[in-house]
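One structure below.
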Amino acid sequence: MAAFARTLTSSLVLLVLFLSLTEAKEILVGGKENAWKIPSSESDSLNKWAENSRFRIGDSLVWKYDGSKDSVLQVTQEAYGSCNTSEPIAEYKDGNTKVKLDKSGPHYFISGAKGHCEQGQKVVIVVLSQRHNRFTGISPAPSPAEIEGPAVAPTSSADGLKASFLITLAVLALGLF
Ligand SMILES: *[C@@H]1O[C@H](CO)[C@@H](O)[C@H](O)[C@H]1NC(C)=O
């Protein structure tokens, strides 16, 4: 019985880990407030930070900065490369910017403050494809159904999976105690 209880406890720990890994996150760009600034060195750059982070569809990026002095521009790859601020895809200057990542692939962001992008205040966020396996890093080839588009929104099927997992555990726990 004690052994079983321990097994149950570790299952619960795994469950919490599973949920924390699969749930959509709000990710503070740069990992801290006021990280949206000209980097002091290459190793301090936001792209270094981004390379070491995982981004998934449904996650949101959050920038915190002084909105009177700076802004966040989402731009094309070309505008990112040339630091062209003239026609961004989207412009945010509220100082507390949140952008939901709704598709996979690269997303390009540069500072709208004059001269800042040229000095390295820019970041590419690469969002992993939906089926990307966080544990192995392997993305399986998409199935025909995925190419045509899922009939059910992926988030709700993921929620359904979580819910049935929780119910199974609850039933197990009730049966035990
Ligand atoms: C910046 O981008 C705009 C819109 O794409 C373009 O018209 C303009 O020529 C670009 N400016 C430079 C300096 O490349």
Checklist entry - Filtering the stretch 61-70 down to residues that are in contact (Cβ under 8 Å) with a residue 40 or more places away in the chain and farther than 19 Å from residue 101 by Cβ, which residue is nearest to the ligand (Cβ to nearest atom)? => result 70
Checklist entry - Within the stretch 1-45, how many residues turn out to be of a type outside the set (Gly, Ala, Ser), within 30 Å of residue 119 (Cα to Cα) and either modelled with pLDDT under 80 or not in a loop (DSSP other than H, G, I, E, B) (or both)? => result 5
Checklist outcome for this item: Going through the stretch 100-128 in order, the residues found to be of a type outside the set (Val, Ile, Thr), in contact (Cβ under 8 Å) with a residue 40 or more places away in the chain and open to solvent by 30 Å² or more (accessible area, probe 1.4 Å) are 100, 102, 103, 104, 112, 116, 119, 122, 128
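Mind listing whichever residues of the stretch 71-96 are more than 13 Å from the ligand (Cβ to nearest atom) and over 16 Å from residue 46 (Cα atoms)? Walk me through it before giving the result.
From the stretch 71-96, those more than 13 Å from the ligand (Cβ to nearest atom) are 71-72, 74, 90-96; that's our starting set.
Scanning the stretch 71-96 gives 90, 91, 92, 93, 94, 95, 96.
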Next on the checklist: Checking the conditions here, which among 94, 66 is touching a Gly at 6+ places or on another chain (Cβ under 8 Å), in a loop (DSSP other than H, G, I, E, B) and farther than 16 Å from residue 116 by Cα?
Outcome noted: 94
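Across the stretch 117-130, what is the total count of residues that are more than 16 Å from the ligand (Cβ to nearest atom) and either assigned to a loop (DSSP other than H, G, I, E, B) or closer than 17 Å to residue 39 by Cα (or both)? Don't jump to the end; show me each part of the working.
Of the stretch 117-130, the ones more than 16 Å from the ligand (Cβ to nearest atom) are 119-121, 123-130.
Those left that are additionally either assigned to a loop (DSSP other than H, G, I, E, B) or closer than 17 Å to residue 39 by Cα (or both): 119-121, 123-125, 129-130.
Adding up the residues that qualify gives 8.
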Item to check | Number of the exception - residue 45 against (1) small (Gly, Ala, Ser); (2) exposed (fewer than 14 other Cβ atoms within 10 Å of the Cβ); (3) touching a Pro at 6+ places or on another chain (Cβ under 6 Å) | outcome: (2)
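The values are calculated or read from the model by the stated rules, or taken from the named source; none is laboratory data. As the structure is a prediction and not an experimental result, all values here were calculated from the model. Neighbour counts run over all protein chains shown; Cβ positions are idealised from the backbone, glycine included. Heads up: the accessible areas ignore ligands, DNA and RNA and are worked out on the full protein's heavy atoms, side chains in. Shrake-Rupley method; radii C 1.70, N 1.55, O 1.52, S 1.80 Å.
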